[in-house]
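The values are calculated or read from the model by the stated rules, or taken from the named source; none is laboratory data. In this text, all values refer to a predicted model and were calculated from it rather than measured experimentally. Ideal geometry is used to build each Cβ from the backbone, glycine not excepted, and the neighbour counts take in all protein chains shown.
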Amino acid sequence: MSSLLSKAAKELPSIIFKNTTQRTRQSSSFQSVGIAGLGLMGHGICQVAASSNLHSSVIAFEAEQQFLDKGKERIESSVSKLVGRGKLEQDDADKILSSITYTTNPNDLADTDFIVEAVIENMDLKKDLYSSLGSVCKPETIFASNTVRICQAFFLIIRRSVKVHS
């Protein structure tokens, strides 16, 4: 498991910081990526994952429809601004937006290879999310979180091994 986490850590920068103007598909061991939480950080992470053209599937998850709709609006607005500024062609924008699957059903994340948790800093919410995802996701799913301090505690909840680098 440790080597799998090391591999994920090495790939993470290329996943997150991939130049969005480059459209050539590169090899990625994360065919399916999930983003749990589409707030201020999560919607951007979702947009970059979809823009990278590295993944066959990008799944955006929020537990409540109103937050899912707001996250989708943020992504659409951000992509629209890139088109308006001439940084992105409309065809590419359409591909990015159509590559994201939006859902309120945690079961839709069951087959993802990599999940980024980006929900608000509410411990009960995070605990419920990790418990839910831990019970539906395949054993080899890799989880990443914006909340490093509590990360290890949540991985104990979902009974996964964890290695945190600071």
**Prompt:** How many of the residues making up segment 93-125 are closer than 14 Å to ALA49 by Cα, touching a helix residue (DSSP H, G or I) at 6+ places or on another chain (Cβ under 8 Å) and not hydrophobic (A, V, I, L, M, F, W, C)?
**Reply:** 4
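One residue is enough: does segment 140-147 have a residue meeting the conditions assigned to a strand (DSSP E or B) and among the acidic types (Asp, Glu)?
Looking for residues that are assigned to a strand (DSSP E or B) and among the acidic types (Asp, Glu), one finds none in segment 140-147, hence no.
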**Residue in segment 16-24 that is closer than 21 Å to GLU140 by Cβ and at pLDDT below 95 present** = yes
**Prompt:** Does segment 34-44 hold any residues that are touching a residue at least 60 places away in the same chain (Cβ under 8 Å) and either surrounded by fewer than 24 Cβ atoms within 10 Å (Cβ to Cβ) or part of a strand (DSSP E or B) (or both), and which are they?
**Reply:** GLY34, ILE35, ALA36, GLY39, MET41
